[in-house]
Amino acid sequence: MKKILLLSVLLLNLNAKAQRFEDYFTDATLRIDYTFSGNTKHQEIALDKLNRSPRWYGKRRRLTEVPVEGNGQIIVRDHRSDSIIYKNSFSTLFQEWLSYDEAKTTPRSFENVFLVPMPKDTIDVTLILYDNRRKPMASMHHQVVPTDILIRKIGYDRQTPHVQLLAPKDSTACIRIAFVAEGYRPAEMPTFISDATHAMNAIFAHEPFKGLKDRFSVVAVEAPSKDSGTSIPSKDIWKHTALSSHFDTFYSDRYLTTLHLKDMHDLLAGIPYEHIIVLVNTDHYGGGGILNSYNLSMAHHRLTNAVVVHEFGHSFAGLADEYGYDFEQIPIYPHDIEPWEPNITTLTRFRDKWADMIKKGTPVPTPATENNRQRVGVYEGAGYALKGVYRPMQDCRMRTNESPDFCPVCQRAIARLIDFYTR
């Protein structure tokens, strides 16, 4: 038995040693641009181009782990040993679009950009997209040779002007956020810096961000636009802006997004960032947030702070929407599959969610009564569905803009994620 235990410890030590950042990577970023295309019947992934920028600002520990599963994963293997040396999860606008009727008949393409550490030697990259049953629906495998002369260098000779809004306690173990200006002309940059500061303060007014504020770095990136504002197709308003953002995404009037991810990352080249918050110079209500892609929100509406925080719950922590409406039900979550998002459940594998946070005697599902308003339970109606999907509290920042806080379940999920990246 002692020999077996000794061998186990030795294997663990060898594995830990094999996953040291400096064994496989240099302090630089490999940016891989892809195109996702197709419809509900068939999806494809194509490599667009490779880019290199100075410094690596992502995780340097737990390189082969992901804190949330996401709707897709990028997996990097050492070509010589076939060992996994890096992994990250994500969601995409393309996969969301597949749930809309247009995707049944009309193929479309979407840009996607992923950042991985720059390898020292040849790597094999696998990209996998999952359907709503958490099964692979499309994948791609390709090789990257770091000495490839067609890898474009960006961010070395010039960078978009940016301002440091928040410095971390330890720059070697922190989470880096970049606010990006969208629809601000050069003369409006002081307004953008003020808007970014207010939005940042709104995020760090909420727990657990408030108590863990010293683990974050925040910069404001002054990306200039020719026009002020953003496009509103339903009103035939089209603007020339840095990221070509617009309302009416998927014909939803409040859905504000950008499809130009390559432009966004070009503007960020050479700047310290992992997570992106785009502030749009408009007073119209709208926004969107996509896990490990970006959070995009209007800057000048009375609900701006609430929306920025809510969308950051999506883009940073992978939290799901906890609402469902009669007029807008989207069948994203099959009732016989447990969602990967930590704050909703179909009760299929509820023991893996927040079962440990429910007081003894609380019925499951939990009736939405006044006496239960502040109680963690299992309340029906979440994930865009009124039936079959459940949320932890009657209200939460991930359900309504009026809720002042993240619920305890969401707070725990966020805190665990912050610990994952910084400890």
* Consider Phe94 carefully, then state whether it is crowded, with 19+ Cβ neighbours inside 10 Å, assigned to a strand (DSSP E or B) and among the aromatic types (Phe, Trp, Tyr). => no
* Looking at this structure, is Arg349 over 24 Å from Lys213 (Cα atoms) and at pLDDT 95 or above? -> yes
* Structure fact -> Considering residues that are surrounded by fewer than 17 Cβ atoms within 10 Å (Cβ to Cβ) and either assigned to a loop (DSSP other than H, G, I, E, B) or of a type in the set (Lys, Arg) (or both), the number found within the stretch 357-405 is 19
* Take the stretch 315-331 and flag every residue that is assigned to a loop (DSSP other than H, G, I, E, B), surrounded by fewer than 18 Cβ atoms within 10 Å (Cβ to Cβ) and in contact (Cβ under 8 Å) with a residue 24 or more places away in the chain. => Asp326, Gln329, Ile330, Pro331
* Asked: With respect to the numbered conditions (1) of a type in the set (D, E, K, R); (2) under 14 Å from Leu296 (Cα atoms); (3) modelled with pLDDT of 95 or more, which one is the sole condition not fulfilled by Arg254?
  -> (3)
* **Conditions (1) surrounded by fewer than 23 Cβ atoms within 10 Å (Cβ to Cβ); (2) more than 18 Å from the chain's Cα centre (by Cα); number of the one not met by Ala242** => (1)
* Hey, does the stretch 69-79 have a residue that's farther than 30 Å from Lys353 by Cα, open to solvent by 20 Å² or more (accessible area, probe 1.4 Å), assigned to a loop (DSSP other than H, G, I, E, B) and modelled with pLDDT of 95 or more? -> yes
* So, of the residues in the stretch 134-151 that are without any contact (Cβ under 8 Å) to a residue 24 or more places away in the chain, open to solvent by 60 Å² or more (accessible area, probe 1.4 Å) and out of contact with any Phe, Trp or Tyr (no Cβ under 7 Å at 6 or more places or on another chain), which turns out to be farthest from Glu69 (Cα to Cα)? -> Ile149
* Taking the stretch 292-306 as the region of interest, how many residues are within 19 Å of the chain's Cα centre (by Cα), among the hydrophobic types (A, V, I, L, M, F, W, C) and either closer than 11 Å to Ala199 by Cβ or open to solvent by 10 Å² or more (accessible area, probe 1.4 Å) (or both)? -> 2
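Rundown of residues vs (1) touching a residue at least 12 places away in the same chain (Cβ under 8 Å); (2) on the phi < 0 side of the Ramachandran plot; (3) not acidic (Asp, Glu), yes/no style:
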{"site": "Gly383", "(1), (2), (3)": "yes, no, yes"}
{"site": "Leu386", "(1), (2), (3)": "yes, yes, yes"}
{"site": "Met393", "(1), (2), (3)": "yes, yes, yes"}
{"site": "Asn401", "(1), (2), (3)": "yes, yes, yes"}
{"site": "Asp405", "(1), (2), (3)": "yes, yes, no"}
{"site": "Cys410", "(1), (2), (3)": "yes, yes, yes"}
{"site": "Ala413", "(1), (2), (3)": "yes, yes, yes"}
* Structure fact -> Going through (1) within 15 Å of Val280 (Cβ to Cβ); (2) part of a helix (DSSP H, G or I) one by one, Ala220 fails only at (2)
* Structure fact -> Given the conditions (1) open to solvent by 20 Å² or more (accessible area, probe 1.4 Å); (2) in a strand (DSSP E or B), every one holds for Thr40 apart from (2)
* Answer yes or no as to whether Phe94 is at negative phi, in contact (Cβ under 8 Å) with a residue 60 or more places away in the chain and not basic (Lys, Arg). => no
* Residues Val280, Val309: which one is open to solvent by less than 50 Å² (accessible area, probe 1.4 Å), in contact with a strand residue (DSSP E or B) (Cβ under 6 Å, 6 or more places away or on another chain) and of a type in the set (A, V, I, L, M, F, W, C)? -> Val280
* Asked: Has the stretch 118-129 got at least one residue that is in contact (Cβ under 8 Å) with a residue 12 or more places away in the chain, touching a helix residue (DSSP H, G or I) at 6+ places or on another chain (Cβ under 7 Å) and open to solvent by 20 Å² or more (accessible area, probe 1.4 Å)?
  -> yes
* To do: May I ask you to say which residue of Tyr156, Tyr184 is among the aromatic types (Phe, Trp, Tyr), open to solvent by 40 Å² or more (accessible area, probe 1.4 Å) and part of a loop (DSSP other than H, G, I, E, B)?
  => Tyr156
* Structure fact -> Among (1) outside any loop (DSSP other than H, G, I, E, B); (2) in contact (Cβ under 8 Å) with a residue 60 or more places away in the chain; (3) surrounded by fewer than 20 Cβ atoms within 10 Å (Cβ to Cβ); (4) over 18 Å from the mean Cα position of the chain (by Cα), Leu30 falls short only on (3)
* Run Trp354 past the list (1) within 24 Å of Gly286 (Cα to Cα); (2) among the aromatic types (Phe, Trp, Tyr); (3) touching a helix residue (DSSP H, G or I) at 6+ places or on another chain (Cβ under 8 Å) and report the number of the one that doesn't hold. => (1)
* Would a scan of the stretch 215-224 turn up a residue that is open to solvent by 10 Å² or more (accessible area, probe 1.4 Å) and more than 19 Å from Met189 (Cα to Cα)? -> yes
* Determine if the stretch 164-172 includes at least one residue that is under 21 Å from Ala317 (Cβ atoms) and hydrophobic (A, V, I, L, M, F, W, C). => yes
* To do: Could you please let me know if Ile193 is at pLDDT 95 or above and under 20 Å from Ser225 (Cβ atoms)?
  => yes
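The values are calculated or read from the model by the stated rules, or taken from the named source; none is laboratory data. Worth saying up front: this structure is predicted, and the values here are computed from it rather than measured. No Cβ is skipped: glycine too gets one built from the backbone with ideal geometry, and neighbour counts run over all protein chains shown. These accessible areas exclude ligands, DNA and RNA; they are computed on the full protein's heavy atoms, side chains included. Shrake-Rupley method; radii C 1.70, N 1.55, O 1.52, S 1.80 Å.
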